[in-house]
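A.B. asks: Got a structure here, written out as structure tokens. Questions coming.
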Amino acid sequence: MSTLAQIPVCVEPVTVSHGEATVGGGIGAILTEIAERLERLARTGEPGAIDLRSLPISPADRAQLLQALGTGEVDARVQANGESRIRETAVHGVWWTQHRDLDGALLASLIEIARIPDILIVGADDLLRGASRLRASLSFPSAAQGESPHGTT
Amino acid sequence: MNRSSVEFHANLAADEVALGERERVAGAMRAFTREIGALSALRLESCVHCGMCADACHFYIATEDPQYTPVLKVEPFKQAFKREAGAFAPFFRWFALKRRVTADELERWQHLLFDSCNMCGRCSLICPMGIDVAELIEQARRGLFEAGLAPKELYEKAAHQRRTGQPEASSEPYRDRLLAIGWQFKVEMPLDKPQAEVMLTVPRTDIEHYPAAVAALARVMAHLKADCTFRSDGLIAENYGYYAGGRDWQREISLRLIDQALACKAKVLIVPECGHAYSALRWEAAELIGKPLPFKVRHVTEFLAEALADGRLKLRSADLGVTAFHDPCQLVRKGGVTSAPRQLLHAMGVKPRETTRHVGFNVCCGGGGGVLDIERAAPLRYRVVEEKFHEIDGTGARTFLTSCSDCRRTFDDGKQRFNWQQTPRSLLELVAEHLQGG
Amino acid sequence: MARLELEPTIGELLDRQGVSRRSFFKYCTAMASLLALPPLAARAMAEQLLAARRPSVIYLSFQECTGCLESLTRSFAPTIENLIFNVVSLDYDDTLMAAAGAQAEQAREQAMRANYGKYLLVVDGAVPTGDGGVYHCAAGRTGLDILATCAKGAAAIVCVGTCASFGGLPSADPNPTDARAISTLVPGKPVVNVSGCPPIPEVIAGTLLQYVTSGRVPDLDEHLRPTVFFGNSIHDRCYRRPFYDQGKFAKTFDDAGARNGWCLYELGCKGPTTYNACATVKWNNAVSFPIQSGHPCLGCAEPDFWDHGSFYSPIPSPRWGKAGEVSPAQAGAIAAGAAVAGAAIGVGSVLLGRRRIARRQQEPKSQSDKGNEE
Amino acid sequence: MDLVDFARGPALKVAFVIFFIGVVWRLVNVLLLHHRRNLSEPRRGVAESVFGGLKAMGSRSWPHPEFIKRTITGEALGYSYHIGLFIVILLFAPHIIFFGSFIGVRWPALPNGVVTIFAVITVTLFVAVLFRRLAHPVLRRLSNFDDFFSWFVVALLLVTGLMATAHVGAPYPTILGLHILSFDLLLIWYPFGKLMHAFYIFPTRAVDGYLLTRKGAPS
């Protein structure tokens, strides 16, 4: 019988690993939910999202889910207060977004069902603000009133 | 509400009718409390109301009437115990957790304790808690007796036997009848020898109805050249005090036999083919008189089995075909005589077909415990004896033997009613007919 | 710039700091994930936050060890500075603010006057009520008095830590200063208890954030704790639960069971009787939580957890009075004593019984004598 | 002092004391009543009779073939829920800790999932037993308050126990408190009701076996 010292102290939570081949019960359910949401998106235009981290599935299941969804054509990186990676899966309209903060810690990991994830869309007021900034830079050499680019409209 | 005694519609003897209600309750409590001891207390405290004793009781099996649940018969006795000597008796009295027993309740219990119970002990065998329900019923009967509620027939016979030694008056003294049987069956009837090793007694039922059994007893004793005698003052074996529940009368009736046995310095007292007489004398007499009996008490089958064992008795084989033997319940369950009758049958080459897997679990004939004598109980008894007939017919037996005169009379009585094909025969008579070199 | 300086909305504040809409939207998504809100709620939260004015927060500290505040400062999502500057306007906290003495008190009174009826009062620590509350005085006033005045104008009160929520350590037996939970001292005011000793940083921050975004008190359990964080017991969410169900328990702290990460139930784990988010949100930015690091849960989020006996005596073990866990010798002695008493009463009752039996025997003439009268 | 602390603290101590006082009181009361000595000539010696008594303690548990056809349902129900009770009470980890701390020793447990299955079976059987007691003519005629209240006390214990393991009905501390309180109730009621049969069953059988063997009668 191995001595006490030989037993490795187990720190990581015990993960129950499934066999490779079979698709875990959980994943089947999630895939059907994604399909159902895609149909709703097509019908009513209502987007949906599933928070991967809160799903009570093991890491192995999670990996298998993403593998089942495959990779698509779009792979976007958003540098906003840390990197956010938005990848389209092989199924059009199903996106895998991961938000990380400045030192790389994972903030959120979502499966988004939408024509385009919200974060990529430019907000309405950003358009106006962008326009005013451009106009300000156009008249840069002559204007030089020292107005801050933003202005406090 | 003090009902006048005449309104009691119970089946009462003249002496009993005169009792007032308060006297009845006081008498019942006197008897119940006298019966309370560590053993009866342990049993009364153990019942968990599982109802299984009903499944062993032939009165419940035949009628499916829940009032005949054996342990229910003991309720007045349990009420008395809980209120008088139970651990929480004061609380039971102050908060009336158990009501005081009433004359009406006692009167209703007469039918339960007497008419519908042979005290056969089958309920004691099934009880998962190991309660001897039959003995509790016996003790409960004493309460009814002291309350002046014993059935008329049993009370009168017990009173008569206490005074005269025989349950009923007979046309001629039984000692003369005994000698007459001797001449009729050409067998010598030793009577009132001043001293003898063995004292013989005879069931009144045999003298009245089955004289051949009496002759058989004498013939067998003569064959064994036993130094034996009948005693005219201690002739009758039955004990109607035991049936009626009159503890003191039972003692006096037993004392009559004991005195005669002492008088002739007998070493063995033979109880003839009778069930309750054996257990009343062997297992209860010593308790009642308060000291061990100076002589042995043996059932006639036991005595013959002992003679068989030490070679004094040789028996010829009997060709009876398929035979069934009815164990009288007072003899087998209450008395413990299980192997003797079988040894005699085997000695005669007869292998009885058992009605049940284990000896002693057979259904009772329904007539014992005094029920045979209570007219009011007849319809109920017939339904029960019918069950017994089914059990015997189940064995497919051609010959049917038993070793108790009350059982024989119950079977004969039932035989006419259901014109049952079998005839109950006495084991003793069979032995008498197959003595070797007899 | 002539317009009166309005209290800027959070959106304007962020814009002024060059925080892009996308990074603020990412921040809200993270918050929704933490608060277990549906993912699409992030958009609604973002819009509400952008438009909301930062609520003024008064942070009062009474009988406490500042552990809760330390815990708040270690919140990763949202970070403390993010919280203070973007989400709430922390107008008074005698530990964090630069001002002190009269200026600090003046700042508080000024903030309370300015936002009367709208500011959020966050309280840390129990308030001693013994001898008129003299056991806690600040700026010449008793804790009771300070709490009363501040609570009057508060829109809601958030009690941070088991001390504020239930009395915690100060009110543990014998409770010399008669310390009381805040909820018992501010009748009529909506109270949210964020219990724990200390509470999980993200739980404090998340509760404040949830109040700011929704503008109302979240759903609470019977101890007035937000159900989003305190709805489940540690036991129900514990990753070692399979070992509990299989009956695999660690018997001592360094046996094979402990090393294999088996259930700590027999070592006094109070997981089953404790409701908190440690097993899911975990501590130090979801690195670990007590059970995962091999120590049984103490049940620090539950009222009177100091007085539930030794932290290492299992839940079912009987506890007789202050003597703590019952020992076989003690149980044996009590049983023997009771048995002797029982025997004595038994003898008494049986003597009583025997006397009654005897008395019953002398009743009027017995029935059997009647037979002789012929 | 929340419900759990009260239930397993002072309430348990009081119940514990009442239990021992009540049980010993009742046993002593039975023991010290008048003992009748057997004066009749025995058919079997004392040694053989004592052995017969010990044998009866076991044999009386097993249904006799002659009666089994009629008693099978009653006995099957009774035995299965008793076995279920023993498994749940003695082989469930928290129970082992609870009872173990009184006697200072612990023994191996069954996995909790298995015990829960037995607990569910036992509760259903327990309800079935109640219906049988209400439906069966003999049982209905025999049953009194003690039968139903003793049933209720044990049923309460079983139900709150199941609710505690399933974390249902109320927050776990409250349900656990109720569960331990119903155990206290059982301890208090124990000496005054039919639960005492656990103490009576073996002595009564032994005495009966002894007396029957002494007479040579079947037992």
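A.B. asks: Hey, D:F86 hits all of (1) buried (at least 18 other Cβ atoms within 10 Å of the Cβ); (2) away from chain C (no Cβ under 14 Å) but one; which does it fall short on?
C.D. replies: Tallying (1) buried (at least 18 other Cβ atoms within 10 Å of the Cβ); (2) away from chain C (no Cβ under 14 Å), D:F86 fails exactly one: (1).
A.B. asks: Now for a different question. D:L39 is checked against (1) surrounded by 15 or more Cβ atoms within 10 Å (Cβ to Cβ); (2) more than 14 Å from chain C (Cβ to nearest Cβ); (3) not in a loop (DSSP other than H, G, I, E, B) and fails just one. What number does that condition carry?
C.D. replies: Of everything listed in (1) surrounded by 15 or more Cβ atoms within 10 Å (Cβ to Cβ); (2) more than 14 Å from chain C (Cβ to nearest Cβ); (3) not in a loop (DSSP other than H, G, I, E, B), D:L39 misses just condition (3).
A.B. asks: Only residues in segment A:112-126 that are within 18 Å of C:S33 (Cα to Cα) count as the first member; pair them with residues that are of a type in the set (G, A, S) and not in a loop (DSSP other than H, G, I, E, B), Cβ under 6 angstrom, at least 6 apart or cross-chain, and list the lot.
C.D. replies: A:E112/A:A49; A:I113/A:G48
A.B. asks: Still on this structure: Name the one entry in B:R43, B:R122, B:R99 that is crowded, with 24+ Cβ neighbours inside 10 Å, more than 13 Å from chain C (Cβ to nearest Cβ) and more than 30 Å from B:P379 (Cβ to Cβ).
C.D. replies: Exactly one residue qualifies, and that residue is B:R43.
A.B. asks: For residues that are exposed (fewer than 12 other Cβ atoms within 10 Å of the Cβ) and assigned to a loop (DSSP other than H, G, I, E, B), scanning just segment B:1-33, find the one that is modelled with the lowest pLDDT.
C.D. replies: Going through the qualifying residues, I end up with B:M1.
A.B. asks: Another question about this same structure. Please work out if B:D373 is more than 14 Å from chain D (Cβ to nearest Cβ) and modelled with pLDDT under 90.
C.D. replies: No, not satisfied.
A.B. asks: Scan C:S349, C:S317 and give me the residue that is more than 30 Å from A:L107 (Cα to Cα) and part of a loop (DSSP other than H, G, I, E, B).
C.D. replies: C:S317
A.B. asks: Provide a single number: the residues in segment B:51-82 that are part of a helix (DSSP H, G or I), of a type in the set (D, E, K, R) and within 9 Å of another protein chain (Cβ to nearest Cβ).
C.D. replies: The qualifying residues number 1.
A.B. asks: May I ask you to list the residues in segment C:8-32 that are in contact with a Phe, Trp or Tyr (Cβ under 6 Å, 6 or more places away or on another chain) and either closer than 12 Å to A:R129 by Cβ or at the interface with chain A (Cβ under 9 Å from one of its Cβ atoms) (or both)?
C.D. replies: Across segment C:8-32, there are no qualifying residues.
A.B. asks: Taking only segment B:229-257 into account, find how many residues are among the hydrophobic types (A, V, I, L, M, F, W, C), more than 24 Å from B:T402 (Cα to Cα) and crowded, with 22+ Cβ neighbours inside 10 Å.
C.D. replies: Final tally of qualifying residues: 4.
A.B. asks: Here's a follow-up. Going residue by residue through segment B:370-391, is there one that turns out to be in contact with a strand residue (DSSP E or B) (Cβ under 7 Å, 6 or more places away or on another chain) and over 19 Å from B:L154 (Cα atoms)?
C.D. replies: no
A.B. asks: Another one. Return yes when D:H64 is more than 14 Å from chain C (Cβ to nearest Cβ) and more than 30 Å from B:A87 (Cα to Cα) and no when it is not.
C.D. replies: In short, yes.
A.B. asks: A follow-up question, please. Kindly list the number of the only condition in (1) surrounded by fewer than 21 Cβ atoms within 10 Å (Cβ to Cβ); (2) more than 14 Å from chain B (Cβ to nearest Cβ); (3) in contact with a helix residue (DSSP H, G or I) (Cβ under 8 Å, 6 or more places away or on another chain) that fails for D:L158.
C.D. replies: (1)
A.B. asks: Considering only residues that are buried (at least 21 other Cβ atoms within 10 Å of the Cβ) and farther than 22 Å from C:N115 by Cα, which ones fall in segment C:139-179?
C.D. replies: Answer for segment C:139-179, where residues must be buried (at least 21 other Cβ atoms within 10 Å of the Cβ) and farther than 22 Å from C:N115 by Cα: C:G161, C:T162, C:C163, C:A164, C:S165, C:F166, C:G167, C:G168, C:P170, C:S171, C:A179.
Residues checked against (1) touching a helix residue (DSSP H, G or I) at 6+ places or on another chain (Cβ under 8 Å); (2) β-branched (V, I, T); (3) outside any helix (DSSP H, G or I); (4) within 10 Å of another protein chain (Cβ to nearest Cβ):
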position: D:T71; (1), (2), (3), (4): yes, yes, no, yes
position: D:G100; (1), (2), (3), (4): no, no, no, yes
position: D:F126; (1), (2), (3), (4): yes, no, no, no
position: D:R133; (1), (2), (3), (4): yes, no, no, yes
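A.B. asks: Could you list, in sequence order, the residues of segment B:412-434 that are over 20 Å from B:L217 (Cβ atoms) and in contact (Cβ under 8 Å) with a residue 24 or more places away in the chain?
C.D. replies: B:D413, B:G414, B:R417, B:F418, B:W420, B:Q422
A.B. asks: Looking only at segment C:232-278, count every residue that is within 18 Å of A:S54 (Cα to Cα), part of a helix (DSSP H, G or I) and within 10 Å of chain A (Cβ to nearest Cβ) and tell me the total.
C.D. replies: 1
The values are calculated or read from the model by the stated rules, or taken from the named source; none is laboratory data. Fair warning: this is a prediction, and the values are worked out from it, not measured in the lab. Note: ideal-geometry Cβ built from the backbone for every residue, glycine included; neighbour counts use all protein chains shown.
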